[in-house]
Amino acid sequence: MDKLREECGVFGIYDPKGAVANTAFHALVALQHRGQESCGIAVNRERDVYCYKGMGLVTDVFNDKKILDNLSGTMAVGHVRYSTSGTAIPENAQPLVLHYIKGNLAIAHNGNIRNTAELKKEYERTGAIYQTTSDTEIVAYTIARERINSSSIQEAVSKSMDILKGAYSLVIMSPQKLIAARDKWGFRPLCIGKKGDAYMFASESCALDSIGAQYIREVLPGEIVVIEKGEMTSITEHVGKVPTSFCIFEHIYFARPDSVLNESMVYESRRTAGAILAADHPAEADVVIGVPDSGVAAAVGYAQKSGIEYADGFIKSRYIGRTFIKPDQSDRELAVRMKLNPLRSNIAGKRVVMIDDSIVRGTTCARIVKLLREAGALEVHVRISSPPFLWPCYYGTDVASREQLVSYTHTIEETRKLINADSLGYLGIERINELVPGGDCGFCNACFTGNFPI
């Protein structure tokens, strides 16, 4: 499918009452939209770390209650993966467990390390042997090497933050401590939750909601949060050293609409985007529809602002994930039809405004417009709740090379003709800061502007 791919989702929990693996399982199910290639859970037991992981969805890998029952402990780290760095093979499944001179370490990573090749060569010269092709192994090696000359694991993580360049939201488990860390730019989300005496870290607050935990706050960009013996402490020496560069596409597409990012509900950000589109790109139409799932809230916002009726335009198959990819043209055509079926009664004989979150290569958007016309739409006016993609992403999002981006190779009018729409309008880059109440929270918009923070 011609859509962006998610990065990954991470989760960590300390609970003195135990049963952490079962809680981690439910949290990972809630984070499944962030990655469907592989998943895993690691737990501490005395001074050892036990891990179970595999390829596929969370419910497929952990398909027997005995698996979770065997993962007993008071701390756990979980992960769902989509590969933006490294291939989709079992060896790259996370959490990554490392056994080294100071003990054991389990790590789950969301993001992309930009100086991986440089560090990999440096470590190879001192005898490093790699078991994966993922940059997460470089993160783990860096922390392990710094730990040898540090008084604590959190000190090693702090030193590593001066070495690792790029995007990383980390959850790290040693036999005695659970640690969350976020890169200084804050590219990827990470939040803190609490339930009774238990503490949790999660990529999105929807994971906390799913297990009945209370959202406390976000981990600050550059912050290291440590849970040890039921007490939470914070290390902030890296906080505020560089401007915040949170990925704006988390609000537009990646995150679940019921998650809280930058202290704002994602659903409201998307609805605001739709309202902006209605003001900046009005259309004479009879009905507004959204492409499920991330286009729906923006469509509601467009309808409310414009006064045009909102209606469901598609029924989406819930059994085909975001990474459903078929290799040839005929199978791609079939994939769209399998995933989205138009509601003819809401479309036939009407002028339709269709809201989607993005256009990457343009092929899927063209197929969806074709579905609407086949369902009897008189006109199809396409509105996109993000600016045109002009640059690739280097911070954990699978954006294609520039030559594959339709907005780089085509003008807006050429793109309109390519997708066979009656009109086409994008969210203006100057309106991005309006998506979150309070104005500019420090967003990375490099995929639209080419202004890369690193």
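Could you work out the equivalent-ellipsoid semi-axes for region 265-449, taking the square root of 5 times each eigenvalue of the Cα gyration tensor, largest first, in whole Å? Intermediate results must be reported in sequence, preceding the final value.
Numbers: eigenvalues 111, 91, 49 Å².
Gyration-tensor ellipsoid for region 265-449: 24, 21, 16 Å.
Where the eigenvalues come from the Cα gyration tensor of the chain, what are the semi-axes √(5λ) of the equivalent ellipsoid, largest first, in whole Å? Mind dumping the intermediate values first?
On the way: eigenvalues 316, 97, 86 Å².
Computed over the chain, the values are 40, 22, 21 Å.
Could you put Tyr14, Tyr267 in order, starting from the residue whose Cβ has the fewest other Cβ atoms within 10 Å?
Working: Tyr14 24, Tyr267 20.
Sorted ascending by nearby Cβ count, the order is Tyr267, Tyr14.
Of Leu28, Asn70, Ser385, whose Cα points farthest to the positive end of the dipole of the chain (charges on the beta-carbon: +1 Lys, Arg; -1 Asp, Glu; origin at the Cα centre)?
Asn70
Cα-based Rg (one decimal) and Dmax (whole number) for region 234-274, in Å?
Rg then Dmax for region 234-274, in Å: 12.8, 39.
Ranked by Cβ crowding within 10 angstrom, fewest neighbours first, how are Ser259, Ser345 ordered?
Working: Ser259 27, Ser345 12.
By the 10 Å Cβ count, ascending, the order reads Ser345, Ser259.
With each label point set 7 Å from Cα along the Cα-Cβ vector, what nm distance links Asn63 and Glu124?
3.8
Assign unit charges at the C-beta atoms only (+1 for Lys and Arg, -1 for Asp and Glu), then state the dipole size of the chain relative to its Cα centre in Debye, rounded to the nearest 20.
Details: 51 positive and 53 negative charges, 113 e Å.
With Lys and Arg at +1 and Asp and Glu at -1, about 540 debye.
Among the listed pairs Lys17/Lys195; Lys370/Lys417; Lys17/Lys53; Lys159/Lys194; Lys53/Lys165, which are separated by more than 18 Å between their Cα atoms? The partial results should precede the final answer.
Values: Lys17/Lys195 11 Å; Lys370/Lys417 12 Å; Lys17/Lys53 23 Å; Lys159/Lys194 28 Å; Lys53/Lys165 27 Å.
Beyond 18 Å between Cα atoms: Lys17/Lys53; Lys159/Lys194; Lys53/Lys165.
Note down the Stokes-Einstein diffusion coefficient of region 65-140 in µm²/s, whole number, using a Kirkwood radius over alpha carbon pairs, 37 °C, and 0.692 mPa s.
Numbers: Rh = 13.9 Å.
Rounded, D is 236 µm²/s.
Run the helix sum for the chain: -39,500 (n - 2.57) per DSSP H stretch of 4+ residues, divided by residue count, reported at 222 nm to the nearest 500 deg cm²/dmol. Show your work: numbers first, answer last.
Details: 15 runs with 125 residues, N = 454.
The helix-only estimate for the chain comes to -7500 deg cm²/dmol at 222 nm.
Asp48 to Arg318: FRET efficiency via 1/(1 + (r/R0)^6), r the Cβ-Cβ distance, R0 51 Å, to the nearest 0.05?
On the way: r = 39 Å, r/R0 = 0.76.
It comes to 0.85.
Using a Förster distance of 25 angstrom, determine the FRET efficiency expected from the C-beta separation of Glu413 and Ala117, and round it to 0.05.
Working: r = 40 Å, r/R0 = 1.60.
In this case the efficiency is close to 0.05.
May I ask you to sort Arg125, Arg431, Arg147, Arg188 by Cβ crowding, counting other Cβ atoms within 10 Å and putting the fewest first?
Values: Arg125 8, Arg431 16, Arg147 23, Arg188 30.
Neighbour counts put them in this order, fewest first: Arg125, Arg431, Arg147, Arg188.
At Glu155 and Ile216, where each label point lies 7 Å from the Cα along Cα→Cβ, what is the point-to-point distance in nanometres?
2.4
In percent, how large is the relative contact order of the chain, given Cα pairs closer than 8 Å and 6 or more residues apart? Present the calculation step by step, with values, prior to reporting the outcome.
On the way: 1114 pairs, mean separation 65.0, N = 454.
RCO, the chain: 14 percent.
Could you tell me what a quarter of the Cα convex hull surface of region 232-312 works out to, in nm² with one decimal place? Spell out each step's value before the answer.
On the way: hull surface 28.5 nm².
The directionally averaged projection comes out at 7.1 nm².
Using a simple spin-label model with points 7 Å from Cα along the Cα→Cβ vector, what separation in nm is obtained for Ile89 and Asn420?
Roughly 4.2 nm, to one decimal.
What dipole magnitude, in Debye to the nearest 20, does region 265-449 give about its Cα centre under +1 on Lys/Arg Cβ and -1 on Asp/Glu Cβ? Intermediate values should be presented prior to the final figure.
Details: 22 positive and 22 negative charges, 112 e Å.
My answer is approximately 540 debye.
Since every read-out is calculated from the coordinates, none of them should be taken as a lab result. Computed from a predicted structure; not experimentally measured. Because the Cβ atoms are built from the backbone with ideal geometry, glycine has one as well, and the counts that use them run over all protein chains shown.
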